[in-house]
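Since every read-out is calculated from the coordinates, none of them should be taken as a lab result. None of these values were measured; they are calculated from a predicted model. So basically every Cβ, Gly included, is an ideal-geometry build from the backbone, and we count neighbours across all protein chains shown.
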Amino acid sequence: MDERFFVRLEPTADDPGDLFEHFERRSAGGTAYHALPDARHGVERGTVVVEDADAIVRGYPSIPRILVLETGVPSVFDGPLVVEEKLDGFNVRIARAGEPLAFTRSGYVCPYTTARAREMLDLSAFFDAHPEKMVCAELVGPETPYTTHDYAAVDSHAFRVFGVRDRESGDPLPVERRRELCAAFDFPQPECFGRYDPGAAVDAVWDAIADLDAADREGVVLKSPDCETLAKYTTESQHHDELAYAFSLPFDRGRDFVFSRVVREGFQTAELDEDDDRLRERARDLGESILVPMVRTIRDVADGETVGERHTVRGDPDTIDALLDHLRDQSLSLEIEADRREDGQRVVEFVKVAESTRDRIQYYLEGGTRDE
């Protein structure tokens, strides 16, 4: 990789080789690029260099999580903050690197998300006016290759733009400016619950969380008006949904994934200081999130059923073929359950087979033992 990119990336490494050895060479649709799968030397995970386009696409920063709102909000924010909905979707950065491409958090070009973004967002007009920017968005809805959360008014899938940043530096647009810019290009955005002083923000966040929890939605992102300071907070229903997902694939999801969700639930419950009846209700719900999906998976394996993540996608045949190849290139085992045409589009239902869970459960069912 050309050393001039080393200077533009502004890493903490002293030598280009120390940084560039961590980049992986990849290609998609005829575009060759280098991606950083993990944060290194002050450069964010998912940062991409497309040499032929002379483009750097900066990785999206990690957002810290607040566990106790009463103390966490004033600790993180020393001035006004904006509260926006956090959506349960697939996070991508869309940038023009020769042509508009959608990059995943780890720096892969997703052919499916790229094709859908080009069709559903007016990217040509946006990048003609703002070639140096990147659009940060969630792909949400029941028909995506990565998540399957249902949202009202989203029958298949949709984009929600939650940020616009400088493509190379990663510097964000202020919240108000971003919302104005996205509105001008008809880019859908997450709901904004308002702007608050820190003293009033805690109650405002609780109100938003209560409404989102009742609707089985994920949570909120708190942002300083300049978007330089970010924090997130999630709902009880999200904690339980994620635990149910993890325990439906108990040997494919790490212990850290499970423990972090239990910790979130514990701190939220303690802060709310609800009575014993409500505490027991939460405990029962938490237990059901853990035990019920695991038992169902064990029974499915015993019955010879395929276990894994089920998804439905739709688009033109070439895009679907490119997506399936992309997933298989990441060593995922796919089982196609349905492949049909609807309204001129190809619709494929498939399972990302959870091989570790399937094989381990089968081993135990056949009398295998477990060292603990």
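At 222 nm, what helix-only mean residue ellipticity would the chain give, in deg cm²/dmol to the nearest 500, using -39500 (n - 2.57) for each DSSP H run of four or more?
Working: 12 runs with 145 residues, N = 372.
Computed mean residue ellipticity for the chain: -12000 deg cm²/dmol.
Would you work out which of TYR33, VAL43, THR12 lies farthest towards the positive end of the dipole of the range 4-57, given +1 charges on the beta-carbon of Lys and Arg and -1 on that of Asp and Glu, about the Cα centre? Looking along the dipole axis, the top candidate is TYR33. Listed by Cβ neighbour count within 10 Å, with the fewest neighbours leading, ASP14, ASP300, ASP54 appear as ASP14, ASP54, ASP300.
What residue among THR357, GLY59, PHE257 has its Cα farthest toward the positive end of the dipole of the chain, where the charges are +1 on Lys, Arg and -1 on Asp, Glu, each on the Cβ? Final value for the positive-end residue is GLY59. Expressed as a whole number of Å, what is the distance separating the alpha-carbon centroids of the range 152-201 and the range 106-145? Between the Cα centre of the range 106-145 and that of the range 152-201, the gap is 14 Å. In terms of the mean number of neighbouring beta-carbon atoms within 10 Å, the peptides 24-33, 223-232, 329-338 order highest first as 223-232, 24-33, 329-338.
So what's the range 237-372 giving for Rg/Rh, alpha carbon basis, Kirkwood Rh from the mean inverse pair distance?
Working: Rg = 18.7 Å, Rh = 17.3 Å.
Computed over Cα atoms, the ratio is 1.08.
Cross-link partners for LYS232 among the lysines, with Cα-Cα distance under 22 Å and sequence neighbours closer than 8 places in the same chain left out: LYS86, LYS223.
Rounded to the nearest Hz, the phi-derived 3J(HN,Hα) couplings of the range 76-83 under the Karplus curve 6.51 cos²θ - 1.76 cosθ + 1.60 (θ = phi - 60°) are 8, 10, 10, x, x, 9, 10, 10, where x marks glycine and proline.
Ordering VAL82, HIS311, GLY194 by the projection of their Cα atoms onto the charge dipole of the chain, which places +1 on the Cβ of Lys and Arg and -1 on the Cβ of Asp and Glu, puts HIS311 at the extreme positive end. Of the labelled options (i) 127; (ii) 168; (iii) 159, which one gives volume of the Cα convex hull per residue in Å³ as computed for this structure? Of the listed options (i) 127; (ii) 168; (iii) 159, (ii) comes from this structure.
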